[in-house]
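Report on one structure; see the data block that follows.
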Amino acid sequence: MTSPKITGPQLELFALDFFAALEPTAPTSPPALFKAPPPSVLPPPLAAPPGPLNAPLRRIQLGPHALDYQLRRSTRRSIGFMIDDDGLRVTAPKRITLGEIDNAIRAKQRWILTKLHERGKRRALRQEKPPMRWIDGAALPYMGADITLRLQPAQRSHCMFDSTLGELRIGVVAGLAEAQLQERVRIWLQAQATRVFAERLALYAARLGVSYSKVTLSSAGTRWGSCTVDGSIRLNWRLIHFSLPLIDYVVAHELAHLLEMNHSPRFWAKVESVYPDYDDARAALRKRSQELPVLFSI
């Protein structure tokens, strides 16, 4: 077994590179197949992801740069850093003073500023991508490949996947709005994610010799998944866009936290024991996420 690779960027392992592309955008003109529904039938927006995203910001001066960051207190033993599309988030033990936290940020400032700059460049590139057009024949990423969206006029709404042809067929009733079509596809993708995640969790839990209490889907904007000390696993349903090996990597990662609730060398050794190519998968996951089109505008 090779030694686990531990590098600074692994601190941002679960920062989702593609979620900025999923933020609401200005609505485009819908195809003639659709008409705008009254506001009362539009689906509600996704809830904000859990966590301290609305926590007050603190500011620190790093040379010529004034950096705002979010601070969360926890029972962890050390200071942790997370960089995502919301900026820098710091998690620190309650016993650590604000001065000590600022000193820790200054000690890591080169890495922090570099990552923030890289994230800003990737965000700008994503925003240049045109949103998906919800028309017959559109390509929809699913399990690492593209499937074809087929819109068929129908008296009653239906959704059926033809795995042989790779087509997702949606029955479009008169007056269906584009927002409702998007929600129908989202529900189908989430159902597939529930099925696939259950299968892969069972497989890797057996390999690691662990058991989990429950699994739920996440719509978080900054994490692929999470694991709590009581054995609760949350996996982001948007992983269903990616190939099975990348899904397996996140599953193995979260289950390994049932043995090590940290990102220590011991933790990475656990991941490596069931998923030896974890470092390559992490890089591939980041690359694939940047290549995704803008899918949902709601």
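The values are calculated or read from the model by the stated rules, or taken from the named source; none is laboratory data. A quick note: this is a predicted structure, and the numbers were derived from the prediction, not measured. Glycine also receives a Cβ, built like all others from the backbone with ideal geometry; neighbour counts cover every protein chain displayed.
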Among the listed residues R186, R195, identify the single one that is outside any loop (DSSP other than H, G, I, E, B), within 23 Å of the chain's Cα centre (by Cα) and surrounded by fewer than 17 Cβ atoms within 10 Å (Cβ to Cβ). R195
Pull out all pairs, ordered by first then second residue, where Cβ-Cβ is under 8 Å, the residues are six or more apart or on different chains, the first lies in the stretch 82-93 and is touching a residue at least 12 places away in the same chain (Cβ under 8 Å) and on the phi > 0 side of the Ramachandran plot, and the second is in a strand (DSSP E or B) and surrounded by 20 or more Cβ atoms within 10 Å (Cβ to Cβ). G87/Y69
Does V215 count as modelled with pLDDT under 95 and more than 24 Å from F81 (Cβ to Cβ)? yes
Take the conditions at pLDDT below 85 and of a type in the set (K, R) and apply them to K108. Does it pass? no
Scan the stretch 140-182 for residues that are closer than 29 Å to L244 by Cβ and among the hydroxyl-bearing types (S, T, Y) and jot them down. Y142, T148, S163, T164
Enumerate the pairs (first residue in the stretch 229-245 and closer than 17 Å to L203 by Cβ and without any contact (Cβ under 8 Å) to a residue 60 or more places away in the chain; second residue anywhere and charged (D, E, K, R) and in a loop (DSSP other than H, G, I, E, B)) with beta-carbon separation below 6 Å, excluding pairs fewer than 6 apart on the same chain, so at least 6 apart or on different chains. none
Which condition number in (1) of a type outside the set (A, V, I, L, M, F, W, C); (2) surrounded by 15 or more Cβ atoms within 10 Å (Cβ to Cβ); (3) within 18 Å of the chain's Cα centre (by Cα) is the one that E291 fails? (2)
Has the stretch 138-154 got at least one residue that is surrounded by 16 or more Cβ atoms within 10 Å (Cβ to Cβ), in contact (Cβ under 8 Å) with a residue 12 or more places away in the chain and touching a Phe, Trp or Tyr at 6+ places or on another chain (Cβ under 7 Å)? no
